[in-house]
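Here the structure is laid out as structure tokens; the discussion comes afterwards.
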Amino acid sequence: MQENTEGEAHAAKQRLIKKYPNRRLYDTKTSSYITLAEVKQLVMDSEDVVIRDAKTNEELTRSILLQIILEEEAGGAPMFSEAMLANIIRFYGHAMQGFMGTYIEKNVQMFTDFQTQLSGQSQGAAPEAWKQFMSMQPPAMQSMMGNYMEQSQTVLTQMQEQMQKQTEQMLGVFGIKR
């Protein structure tokens, strides 16, 4: 009998990291100990990682990912403002907690997909693409994100203009005009 359920297939694709009582992380794929920074790199490389306690087999992935976020936030240029973190905390225990988590997750995924799409279209798409992204958002999100999106649009436009100027300068060095 060779039935393979969806869950088993997904588990087979996951990269299993075991966490030992001495707080060391063991990558079962490479049969070696790895650091938290290496776990972060696996996540950055879009590896499907699951972290389990070596003794109890308890799922620890969320706590390790939160530890990575905490280190990133403490290490220089934080992504979340204190106000944003306070607002997130206020949703814990609130009737909207489940909705908010799903809402944030879907919007981050949509933003990531949008960013990927934008990176493939480097010239001339920024203002129209931002408008399209914002039009997909509910009115409350449009209001909340309005200033952020305007700033992001400005930065993206400036980056595109700077890249275009640098490309033209580099081509000019080689005597090529566009």
(message) Regarding region 61-80, can at least one residue be identified that is touching a strand residue (DSSP E or B) at 6+ places or on another chain (Cβ under 6 Å), modelled with pLDDT of 95 or more and over 30 Å from S152 (Cβ atoms)?
(response) no
(message) Quick check on this structure: which one of Q115, Q41 is under 23 Å from K13 (Cβ atoms) and free of Cβ contacts under 8 Å to residues at least 12 places away in the same chain?
(response) Q41
(request) Scan region 99-112 and report the pairs whose first residue is farther than 16 Å from M79 by Cα and whose second residue is part of a helix (DSSP H, G or I), with Cβ atoms within less than 9 Å and a gap of 6+ or a chain change. (result) F99/F91; M100/I88; M100/F91; G101/F91; Y103/M141; M110/F133
(request) Tell me which of these E128 doesn't satisfy, since it passes every other one: (1) at pLDDT 65 or above; (2) out of contact with any helix residue (DSSP H, G or I) (no Cβ under 9 Å at 6 or more places or on another chain); (3) within 28 Å of M44 (Cβ to Cβ). (result) (3)
(message) Let me spell it out: the conditions are (1) closer than 28 Å to M136 by Cα; (2) within 15 Å of the chain's Cα centre (by Cα), and M100 meets all of them except one. Which number is the exception?
(response) (2)
(request) Enumerate the helices (runs of 4 or more DSSP H) found wholly within region 45-123, keeping only those where 3 or more residues are more than 30 Å from R24 (Cα to Cα) and open to solvent by 70 Å² or more (accessible area, probe 1.4 Å). (result) 82-91, 97-120
(request) For region 96-115, state whether one or more residues are closer than 17 Å to M159 by Cα and modelled with pLDDT under 80. (result) yes
(message) Anything in region 15-36 that is under 19 Å from E72 (Cα atoms) and either in contact with a Pro (Cβ under 8 Å, 6 or more places away or on another chain) or open to solvent by less than 70 Å² (accessible area, probe 1.4 Å) (or both)? List them, or say none.
(response) L25, I34, L36
(request) Hey, can you tell me all the residues within region 68-106 that are closer than 28 Å to L42 by Cβ and basic (K, R)? (result) K106
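The values are calculated or read from the model by the stated rules, or taken from the named source; none is laboratory data. Since this is a predicted model, take the numbers as computed values, not measurements. Positions of Cβ are generated from backbone atoms using ideal geometry, with glycine treated the same way; all protein chains shown enter the neighbour counts. For the accessible areas, the whole protein counts, side chains as well, though only heavy atoms, and no ligand, DNA or RNA atoms are used. Shrake-Rupley method; radii C 1.70, N 1.55, O 1.52, S 1.80 Å.
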